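Scroll down for the structure; my scribbles are underneath it.
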């Protein structure tokens, strides 16, 4: 991709919230890093429980198996971050919190 194409992609990904100068610097940085990248490097090892029908070649580096997880003590924890819009209208915030209550209770 050209620098201009990368800039357009970054504009889309940032939803147009970054200035043209910032997007331009992001695109130039990405292009410079992409030129330095070793695109022929071996892929990371992926642990999988899916059986294969043909033997897989050994990876260049072998990584130790991860330790088993204690499943009975495993809990689910999640954080929800809400970026509230700039508004002085309390109806906007009431609608947001009502939707949260409706979908997460």
Discussion item. Contact list please: Cβ distance under 7 Å, first residue in the range 1-19 and touching a residue at least 24 places away in the same chain (Cβ under 8 Å) and on the phi < 0 side of the Ramachandran plot, second residue surrounded by 13 or more Cβ atoms within 10 Å (Cβ to Cβ) and in a loop (DSSP other than H, G, I, E, B), pairs at least six apart or on different chains.
Written reply: none
Practice prompt. Restricting attention to the range 20-37, report how many residues are touching a helix residue (DSSP H, G or I) at 6+ places or on another chain (Cβ under 7 Å) and either over 13 Å from residue 6 (Cα atoms) or touching a residue at least 24 places away in the same chain (Cβ under 8 Å) (or both).
Written response: 4
Item to complete: Please indicate, with yes or no, whether at least one residue in the range 68-88 is at pLDDT below 85, part of a loop (DSSP other than H, G, I, E, B) and surrounded by 10 or more Cβ atoms within 10 Å (Cβ to Cβ).
Response: no
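The values are calculated or read from the model by the stated rules, or taken from the named source; none is laboratory data. If you're wondering where the values come from, they're calculated on a predicted model, not measured in any experiment. We place every Cβ from the backbone using ideal geometry, glycine too, and count neighbours over all the protein chains shown.
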